[in-house]
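A.B. asks: Take a look at this one; I'll ask things after.
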Amino acid sequence: MATVPVSQLKPGEKMSENVQTKRGNTLFYKGKVMTERDIEILKAFLIPTVSIESKTEQESAKEAAAEETGSAVSPFFEEYDKMLALLKRVFISASGQNPPILEIRTQLEALIQHIEQYRILTFTPRMFQLHDYVYHNSIMVSLTSYSLAKWHGLPARDLMPVALAGLLHDIGNTKVDQGILYKPNKLTVEETEEMKQHTVIGYNMLKNVTAINEGVKLSALQHHEREDGSGYPMGIKGDKIHLYSKIVAIADIFHAMTSARYHKKGASPYLVLDQLFNESFGKLDPSLVQTFIKKVTQFHNGVLVKLSDNRIGEIVFSDRTHPTRPWVNVNGQIINLTIERSLYIQDVIQK
């Protein structure tokens with residue numbers, strides 16, 4: 001073990017003791033391998049020194065890890081990767097044949113068994129590639145739709161169908177011109193109209209599949225419909241939109257906006273939640289949006305966040321009337337984001 005100044009700390013070095021803030025909250029745990037970002041956090045919290053493992057200790061740890069090959073990947077990510085591989089195969093071979101619903105459902109159930117490890121605001125797929133966006137988005141929308149349905153009190157019999165609705169909502173994209181799907185800049189009017197056809201295409205691909213219910217099929221068709229009739233493809237309103245479709249729509253908007261794409265960077269989850277809240281006045285189901293925002297922002301005090309001015313602090317109080325704008329302690333200064341409207345939470349930092 002060696003004690004070193006944070007100014008001399010290098011990425012890749014491992015903590016040999018817990019690192020605590022001046023308020024006694026644990027910033028990093030023993031065994032944490034430092035990244036550039038972690039070192040920035042230590043500096044932001046004015047931590048002067050930390051204890052790291054010596055080179056000999058690190059080499060011994062690496063040897064021990066090498067003997068346990070495969071054990072570093074959590075069960076959740078193992079099942080996620082299997083789901084990703086299966087979904088790629090299903091989407092690529094989707095033309096002209098029904099998707100293997102039993103196989104898809106079995107793998108989705110295996111993934112959902114570990115859903116407690118899924119944190120909607122902070123989740124990032126392993127080894128994310130932009131050209132795989134449609135597959136990752138489908139899985140994340142599935143898991144988020146399942147969570148939202150459960151939080152909102154849907155019967156247990158609806159939970160797996162809602163998850164399937166999220167997983168298959170964009171299956172129509174398999175027949176959309178890939179040049180349009182992955183275009184790095186704004187679509188033309190004609191390209192936008194072609195893109196919108198993925199809803200009708202997806203429904204037609206699923207409508208004769210007997211192993212899924214009508215809500216799953218309608219979610220492919222209706223996930224871009226809006227409460228005020230401003231959506232597509234049919235411009236239907238309110239109770240004409242299936243409940244599954246309303247749930248999938250919220251999950252789809254959230255992940256589409258927070259994920260990196262060819263034509264844009266991912267937005268702050270908190271900014272997206274604010275937009276979802278605004279959209280609930282007319283475009284999205286307000287009760288579902290309220291449930292979603294309330295649940296995904298239920299953090300315990302002490303969670304680390306990065307503000308839009310790059311300062312890092314700890315959440316010390318969450319006002320339930322303004323769930324996306326908690327109070328944040330930055331080096332002893334309390335910033336009330338309900339008052340400091342020019343600031344917002346840019347990122348939630350996982351410990």
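The values are calculated or read from the model by the stated rules, or taken from the named source; none is laboratory data. Since the structure is predicted, the reported quantities are computational estimates derived from the model, not experimental observations. When we count neighbours, we look across all protein chains shown, and the Cβ atoms used for this are built from the backbone with ideal geometry, even at glycine. Just so you know, the surface numbers come from the protein's heavy atoms only, side chains and all, with ligands and any DNA or RNA stripped out. Shrake-Rupley method; radii C 1.70, N 1.55, O 1.52, S 1.80 Å.
A.B. asks: Using protein chains only and a probe of 1.4 angstrom, how many square angstrom of His198 are accessible, to the nearest 10?
C.D. replies: Counting only protein heavy atoms, His198 exposes about 10 Å² to solvent.
A.B. asks: Okay, moving on. Can you tell me the accessible area per residue over the stretch 146-264, all protein chains present, probe 1.4 angstrom, in square angstrom?
C.D. replies: The answer is 43 Å² per residue.
A.B. asks: Could you look at the chain and say what percent of its accessible area is carbon and sulfur, using a 1.4 Å probe and all protein chains? Don't jump to the answer; show the numbers that get you there.
C.D. replies: On the way: 8920 of 17300 Å².
That share works out to 52 percent.
A.B. asks: Between Asn98 and Gln20, what FRET efficiency follows from the Cβ-Cβ distance if R0 is 56 Å, with the result rounded to 0.05?
C.D. replies: The pair Asn98/Gln20 has a calculated efficiency of 0.50.
A.B. asks: Which of these, Gly235, Gly179, Gly302, has the largest mean-square fluctuation under a Gaussian network model of the chain (Cα springs below 10 Å)?
C.D. replies: Between Gly235, Gly179, Gly302, it is Gly179 that shows the largest mean-square fluctuation.
A.B. asks: How big is the stretch 175-297 by the Kirkwood estimate over distinct Cα pairs, in Å? All intermediate terms of the calculation are to be shown ahead of the outcome.
C.D. replies: Working: mean 1/r = 0.0646 Å⁻¹.
Kirkwood radius, the stretch 175-297: 15.5 Å.
A.B. asks: Counting only protein chains, not ligands or nucleic acids, how are His131, His114 ordered by accessible area (probe 1.4 Å), most first? Before the final figure, lay out the partial values.
C.D. replies: Working: His131 95, His114 40 Å².
Sorted by accessible area, descending: His131, His114.
A.B. asks: Find how much the distance from Ala85 to Phe281 grows on full extension, using 0.36 nm per residue of separation minus their present alpha carbon separation; answer in nm with one decimal.
C.D. replies: Full-extension gain reported as 66.7 nm.
A.B. asks: Go ahead and set up a Gaussian network model of the chain, Cα springs under 10 Å, then flag whichever of Val162, Val189, Val141 fluctuates most.
C.D. replies: Top of the fluctuation ranking is Val189.
A.B. asks: Return the distance in nm (one decimal) between the two label points of a simple spin-label model at Thr124 and Glu340, each offset 7 Å from Cα along Cα→Cβ.
C.D. replies: Simple spin-label model gives 2.4 nm for this pair.
A.B. asks: About the Cα centre of the chain, how large is the charge dipole given +1 on each Lys and Arg Cβ and -1 on each Asp and Glu Cβ? Please answer in debye to the nearest 20.
C.D. replies: Working: 40 positive and 39 negative charges, 106 e Å.
So the magnitude is around 500 debye.
A.B. asks: Ignoring ligands, DNA and RNA, what accessible area per residue does the stretch 72-125 give at 1.4 Å, in Å²?
C.D. replies: Computed with neighbouring chains in place, this is 51 Å² per residue.
A.B. asks: Computed from the mean reciprocal separation of all distinct C-alpha pairs, what Kirkwood hydrodynamic radius does the chain have, in Å?
C.D. replies: Radius from the Kirkwood sum: 22.2 Å.
A.B. asks: Still on this model: Highest GNM mean-square fluctuation, the chain, Cα pairs closer than 10 Å: which of Val19, Val73, Val248?
C.D. replies: Val73
A.B. asks: Using a 1.4 Å probe on the protein heavy atoms only, what accessible surface does Lys264 show? Give it in Å² to the nearest 10.
C.D. replies: The value for Lys264 is about 60 Å².
A.B. asks: Test of the criteria: in the stretch 120-178, which chymotrypsin sites (Phe, Trp or Tyr not before Pro) are in a DSSP loop and have at most 11 other Cβ atoms within 10 angstrom of their Cβ?
C.D. replies: Phe128
A.B. asks: Rounded to the nearest 10 Å², what accessible area does Met15 have for a 1.4 Å probe in the complete protein model?
C.D. replies: The value for Met15 is about 0 Å².
A.B. asks: How big is the Kirkwood radius of the stretch 261-337, worked out from every pair of different alpha carbons and given in Å to one decimal?
C.D. replies: Kirkwood radius, the stretch 261-337: 13.6 Å.
A.B. asks: Further, regarding this structure: Express in nm, to one decimal, how much length is gained between Val316 and Thr188 on full extension, taking 0.36 nm for each residue of separation and deducting their alpha carbon distance.
C.D. replies: Extra length from Val316 to Thr188 when fully extended: 41.4 nm.
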